[in-house]
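Scroll down for the structure; my scribbles are underneath it.
The values are calculated or read from the model by the stated rules, or taken from the named source; none is laboratory data. Note that the structure is a prediction, hence the values are computed from the model and not measured. FYI the Cβ positions are ideal-geometry reconstructions off the backbone, even for glycines, and counts take in every protein chain you see. Ligands, DNA and RNA are stripped out before the accessible areas are found, and what is left, the full protein with its side chains, is counted by its heavy atoms. Shrake-Rupley method; radii C 1.70, N 1.55, O 1.52, S 1.80 Å.
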Amino acid sequence: MLFVHFLDAYEGRFVADALDDLDGRRDASAYAPNQWVLATLGDEWFDGGRAAAAADAFEKALGRIESEGWELYRDYNRTRIDHPFDQSFLNYPRYPTDGSAATLFNFRVEAGAGSSWRQVCPQDGETSRCILPGGNDGNVYSDSYDDQLSLWANGELKPMDRAMRGDLTVRFAGGDDE
């Protein structure tokens, strides 16, 4: 958790030191380099040098974590999938989760976004497994509206076989012409 907030603060320091001279008509943070470039920039890009910028970013990150009361990464990194209609009863529950944009558990807490499908397909004949973030039903009153979100947040998968689960509600049968 400290590393995530350190990177944000370090990028913020770069934007303040190196890009502050933009004309004000543009968002300077939109011009920040990727993390690899940011990590390899020289002292000349930071007021007081790179080591001072890193120390300052570390202090800011630690201060944010302490002020928010986060003890574990999962305290900070919680699902936030809100319905576009902005009605709280349509929003999905909040679950602690691991992952970031740079991991297989692709999840970006600040953007409320992540992988919309996880699937593992073994090549040895074992049953494939998958999961959706949320459920498989657009009806908020259905049990399937958000029944997979907690599994998704915990990195769990469901079998992707053709076995029927739950109550059968519709059966298709051939007629005389078929």
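So, with a 1.4 angstrom probe, what is the percent of accessible area on the chain that is carbon and sulfur?
50
Per residue, how many Å² of accessible area does the chain show with a 1.4 Å probe?
Heavy-atom accessible area per residue stands at 69 Å².
Taking θ as phi - 60°, what are the ³J(HN,Hα) couplings along segment 60-69 by the Karplus curve (6.51, -1.76, 1.60), each to the nearest whole Hz, with x for Gly and Pro?
Once θ is set to phi - 60°, the couplings for segment 60-69 become 5, 5, 4, x, 5, 4, 5, 5, 7, x Hz.
Relative to a virtual label point 7 Å from the Cα of A101 in the Cα→beta-carbon direction, which members of segment 29-58 show backbone nitrogen distances below 12 Å?
Within reach of a label on A101, which here means backbone N under 12 Å from a point 7 Å along Cα→Cβ, segment 29-58 contributes 30-36.
Of I131, I81, which has the most accessible area with a 1.4 Å probe, and how do the rest follow in descending order?
Putting I131, I81 in descending order of accessible area: I81, I131.
If only Cα atoms are counted, what is the Rg of segment 28-88, and what is its Dmax, in Å?
For segment 28-88, the Cα radius of gyration and maximum Cα-Cα distance read 16.8, 49 Å.
Go through segment 93-98 residue by residue and turn each phi into a ³J(HN,Hα) via Karplus (6.51, -1.76, 1.60, θ = phi - 60°); whole Hz please, and just put x for glycine and proline.
For segment 93-98, the Karplus curve yields x, 8, 10, x, 8, 9 Hz.
What's the whole-number percent of alpha carbon pairs in the chain lying beyond 26 angstrom?
52
Angle between the Cα long axis of helix 2-18 and the longest principal axis of the chain, 0 to 90 degrees, nearest 10?
50
Taking one equal scatterer on every alpha-carbon of segment 64-141, how large is log10 of I(q)/I(0) by Debye at q = 0.16, 0.22 1/Å?
-0.75, -1.10
What number, in percent, do you get for the relative contact order of the chain if the mean sequence gap of Cα pairs under 8 Å and at least 6 apart is divided by its residue count?
It rounds to 13 percent for the chain.
Could you calculate the contour length gain from A54 to E126, that is, 0.36 nm times the residue separation minus the distance between their Cα atoms, to one decimal place in nm?
Gain on stretching A54 to E126: 21.2 nm.
Work out how much length S67 to R94 would gain on full extension: take 0.36 nm times their residue separation and subtract the Cα-Cα distance, in nm to one decimal.
7.6 nm
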